[in-house]
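The structure appears below as structure tokens.
The values are calculated or read from the model by the stated rules, or taken from the named source; none is laboratory data. Values in this document were obtained by computation on a predicted structure and should not be read as measured data. Glycine also receives a Cβ, built like all others from the backbone with ideal geometry; neighbour counts cover every protein chain displayed.
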Amino acid sequence: MSYLKLIDDKIQELAESFSAILNVETTVVDNNLLRVAGTGDFYYRINENSPEDSLFAKVLENGEPILNIYDSERDICLNCSHASTCKERKSLIYPIKIDNEVIGVVSFASFNLEQDEIIISKVDEYLYMLEHFAQSIEKEILSIKMRNQLNKGNAEINGIINYINKGIIILDKEHNISHINTKAIKLLDINFYDYQVINRNINEVIKNIDIKETGDKEVTGTWKIGKRNIRVIYKISYLVLDRKNISILIDFDTLTSIINTAASYNSDNLITFDNIIGCSPSLQAAKDKSRIAAKSDSTIFLHGDSGTGKEMFARAIHNESNRRDGPFVAINCATLPENLIESELFGYEKGSFTGANPKGKIGKFEQANNGTLFLDEVADIPLHLQAKLLRVLQEKKIDRIGGTTPIDVNVRIISATHKDLEQMIKSNLFREDLFYRLNVIPIVLPSLKDRPDDIVMSSQYIINKLCKRMDKPVQRLSKEVEKSFLSYKWAGNFRELENVLEYAINFSHDEEIGMDDLPEYFVQKLEEEKQKELLDELDSIDVIEIKSLEEMTNEYEKKIIKKLMDIYGDDTKAKQKIAKKLGISVVTLYRKLNNYYCE
């Protein structure tokens, strides 16, 4: 059985990502020598077999990597039956192993002189990346094998799920607990024996859990265990443990556990991707791409609105790169006057200009030597300095102001902006050649409004941090505030979220943050957004289908009331608020609800 063929779509995505970042071609071959993925020339040979006397076959047989990079005469390839037609020039080949069995190989290869030079100059770095590629595939295969082994008995199932670093609960078709791992017991803080968990219905252990499939999407919720409320992030999926019985798999983590991990960096700002909070697919995609990009020296461009965490990403990339032991230097180009940017970036010699430090000064490029320089808001660099920055990227040398000798620098550049650089290029405000030099690996950071699953989680993390700093008891959001946060557009992203929460913590005297604790501008903008949504609802009424004005009026009223109930809820207190907002009595609201069957 070829496990690699089962996940060939996933492998092809990985191959294309590595190829784009490293500028070499990639391919994956299974233990039958069938090519299951590839880029460049390899792409057109997917589903073809490699010869049994190829280098791939040798790695499959020996289980050891092969480096075909220094042999200019290609003697190592002469025994291959495809030697006369093969276009590969240099290659690195690495085994994919599961339980010490070689199930395939991955390879980076060059097809031109430029790619030759890249592989030869970065052989150790690329071999490490190739190992990372193989390990990513191995993890996917192990996950499949785990799911396939779940039908081999309770002992094996418990053994498997106890190795997983997430809470795992498995239910039978009646929603009784058949398996639970050690991590789940610890996260839920329950006594396994006193609770007699096994064979109990899940709703007896967790009072308000909604058992319905979530697919690949992770959702947040509040589970009640005894008298305690626990905030969790979870997924629910169905699986077959034998041929006829369907079981339910719940995997989860607590919000507290994730927040503690995110907060676990030290005072030196040693931020990694684990410290970046969020479980939304768009954020995970940005983190996955950044992790791969961190292993190379290519320039990275972080695209994202203000407040999306661009510097955090830049620090995480640096701290997971080969330059982690070197300096990380950040400069915000938008905060410096135009006449100071050049001296800040490139430094100056003594006596270069009036008011200069008599000893001279080194610039950010020299400070970041052998490390990473983060150019935030790079779009604000003046045009005349863009040419100088381009020269540094091309020649890896800088000229201090007033200097006569170029200085060598070894710096990895990460840049960022919230502006539309392509539009600035059209307006001749930014150099196109510089843009392409900076934008080798573009990474898009999603806005907060596009990450609804992360808003509550991020809010609690910020609340914990602020309460600790302000020496106040830890608070939480009320349900009404949670709903308002989820519907708000968050133009300022995390920076705006933190400002709103800091205001609320200052004015809240309860353990819950309510709507009355939020800043006035936020509540006003929220109301404006709600009014716009109501107008959009009016536009959605089909005036062609509705024959009379009364029918259109009734339809509009129904939509307004239903929308307000979605926002405020449907309990008595919420209905009183809705009636007040609409300028009608509660009795009139109930009558309309009965007429429109909204309850």
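In region 7-36, the residues that are more than 30 Å from N439 (Cβ to Cβ) reach residues that are acidic (D, E) with C-beta atoms within less than 9 angstrom, at least six apart or across chains, in these pairs: I7/E140; N31/E101; L33/E52; L34/E48; R35/E48; V36/D8; V36/D30. Among what's in region 409-429 and is in a strand (DSSP E or B) and touching a strand residue (DSSP E or B) at 6+ places or on another chain (Cβ under 6 Å), pick the residue that is farthest from E377 (Cα to Cα). Residue satisfying both the conditions and the ranking: V411.
Residues that are among the aliphatic types (A, V, I, L, M) and in a loop (DSSP other than H, G, I, E, B) within region 320-340 comprise A334, L336, listed in sequence order.
Scanning region 10-66 for residues that are over 16 Å from F133 (Cβ atoms), part of a helix (DSSP H, G or I) and hydroxyl-bearing (S, T, Y) returns Y43, Y44. Would you say V59 is buried (at least 18 other Cβ atoms within 10 Å of the Cβ), in contact (Cβ under 8 Å) with a residue 40 or more places away in the chain and in contact with a helix residue (DSSP H, G or I) (Cβ under 6 Å, 6 or more places away or on another chain)? Answer is no for this residue. Restricting to region 470-492, name every residue that is touching a strand residue (DSSP E or B) at 6+ places or on another chain (Cβ under 9 Å) and part of a loop (DSSP other than H, G, I, E, B). Once the filter is applied, which keeps residues that are touching a strand residue (DSSP E or B) at 6+ places or on another chain (Cβ under 9 Å) and part of a loop (DSSP other than H, G, I, E, B), region 470-492 yields Q475, S478.
Within region 395-417, not a single residue is within 29 Å of the chain's Cα centre (by Cα), of a type in the set (D, E) and either over 16 Å from E344 (Cα atoms) or not assigned by TED's automatic domain parsing to the domain that holds L283 (or both).
Taking L477, is it touching a helix residue (DSSP H, G or I) at 6+ places or on another chain (Cβ under 9 Å), of a type in the set (A, V, I, L, M), surrounded by fewer than 16 Cβ atoms within 10 Å (Cβ to Cβ) and without any contact (Cβ under 8 Å) to a residue 40 or more places away in the chain? Spelling it out, it is not the case that L477 is touching a helix residue (DSSP H, G or I) at 6+ places or on another chain (Cβ under 9 Å), of a type in the set (A, V, I, L, M), surrounded by fewer than 16 Cβ atoms within 10 Å (Cβ to Cβ) and without any contact (Cβ under 8 Å) to a residue 40 or more places away in the chain.
Taking region 123-137 as the range and being free of Cβ contacts under 8 Å to residues at least 12 places away in the same chain and either in contact with a strand residue (DSSP E or B) (Cβ under 7 Å, 6 or more places away or on another chain) or more than 16 Å from L4 (Cα to Cα) (or both) as the test, only D124 passes.
Residues in region 100-114 that are within 30 Å of the chain's Cα centre (by Cα) and of a type outside the set (A, V, I, L, M) were compared, and the one that is farthest from T39 (Cα to Cα) is G104. Please verify whether I317 is of a type in the set (V, I, T), crowded, with 20+ Cβ neighbours inside 10 Å, within 25 Å of I455 (Cα to Cα) and at pLDDT below 80, treating the condition exactly as stated. It is false that I317 is of a type in the set (V, I, T), crowded, with 20+ Cβ neighbours inside 10 Å, within 25 Å of I455 (Cα to Cα) and at pLDDT below 80. Within region 365-394, the residues that satisfy the criterion of being surrounded by 15 or more Cβ atoms within 10 Å (Cβ to Cβ) and of a type in the set (A, V, I, L, M) are A368, L373, L375, V378, A379, I381, L385, L389, L390, V392, L393.
Quick one: would you say N369 is in a loop (DSSP other than H, G, I, E, B) and either under 23 Å from D305 (Cα atoms) or within 27 Å of the chain's Cα centre (by Cα) (or both)? Considered against the rule, which asks whether it is in a loop (DSSP other than H, G, I, E, B) and either under 23 Å from D305 (Cα atoms) or within 27 Å of the chain's Cα centre (by Cα) (or both), N369 comes out as no. Within region 284-319, being over 15 Å from the mean Cα position of the chain (by Cα), part of a helix (DSSP H, G or I) and touching a residue at least 60 places away in the same chain (Cβ under 8 Å) holds for one residue alone: H318. For region 76-99, a residue qualifies if it is within 29 Å of the chain's Cα centre (by Cα) and either not assigned by TED's automatic domain parsing to the domain that holds A15 or not in a strand (DSSP E or B) (or both), but none of them does. Do the conditions hold for K97, that is, is it surrounded by fewer than 18 Cβ atoms within 10 Å (Cβ to Cβ) and closer than 21 Å to K295 by Cβ? For K97, the condition - surrounded by fewer than 18 Cβ atoms within 10 Å (Cβ to Cβ) and closer than 21 Å to K295 by Cβ - is met. Taking the numbered list (1) outside any strand (DSSP E or B); (2) over 13 Å from N23 (Cβ atoms) in turn, E114 passes all entries but (2). Taking I177 as the residue in question, decide whether it is within 25 Å of R231 (Cα to Cα), within 26 Å of the chain's Cα centre (by Cα), modelled with pLDDT of 85 or more and not in a helix (DSSP H, G or I). When the stated conditions are applied, I177 does not pass them.
Yes/no matrix, rows are residues, columns are (1) in the same structural domain as Y556 (by TED's automatic domain parsing); (2) under 31 Å from the mean Cα position of the chain (by Cα); (3) at pLDDT below 90; (4) surrounded by fewer than 14 Cβ atoms within 10 Å (Cβ to Cβ):
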{"site": "F485", "(1), (2), (3), (4)": "no, yes, no, no"}
{"site": "Y488", "(1), (2), (3), (4)": "no, yes, yes, no"}
{"site": "E496", "(1), (2), (3), (4)": "no, yes, no, no"}
{"site": "V500", "(1), (2), (3), (4)": "no, yes, no, no"}
{"site": "I505", "(1), (2), (3), (4)": "no, yes, no, no"}
{"site": "S508", "(1), (2), (3), (4)": "no, no, yes, no"}
{"site": "I513", "(1), (2), (3), (4)": "no, yes, no, no"}
{"site": "P519", "(1), (2), (3), (4)": "no, yes, no, no"}
{"site": "Q531", "(1), (2), (3), (4)": "no, no, yes, yes"}
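For D274, the requirement of being surrounded by fewer than 19 Cβ atoms within 10 Å (Cβ to Cβ) and either modelled with pLDDT of 80 or more or outside the structural domain of V474 (by TED's automatic domain parsing) (or both) is met. Of all the residues in region 100-114, those that are more than 21 Å from L60 (Cβ to Cβ) and buried (at least 20 other Cβ atoms within 10 Å of the Cβ) number 1. Can you confirm whether region 313-335 contains a residue that is of a type in the set (G, A, S), in contact with a helix residue (DSSP H, G or I) (Cβ under 6 Å, 6 or more places away or on another chain) and over 11 Å from I414 (Cβ atoms)? So far as region 313-335 goes, yes, one or more of its residues are of a type in the set (G, A, S), in contact with a helix residue (DSSP H, G or I) (Cβ under 6 Å, 6 or more places away or on another chain) and over 11 Å from I414 (Cβ atoms). Scanning region 43-54 for residues that are out of contact with any Lys or Arg (no Cβ under 7 Å at 6 or more places or on another chain) and buried (at least 19 other Cβ atoms within 10 Å of the Cβ) turns up just one, S54.
Scanning region 214-249 for residues that are over 22 Å from E512 (Cα atoms), modelled with pLDDT of 80 or more and under 19 Å from the mean Cα position of the chain (by Cα) gives Y234, K235.
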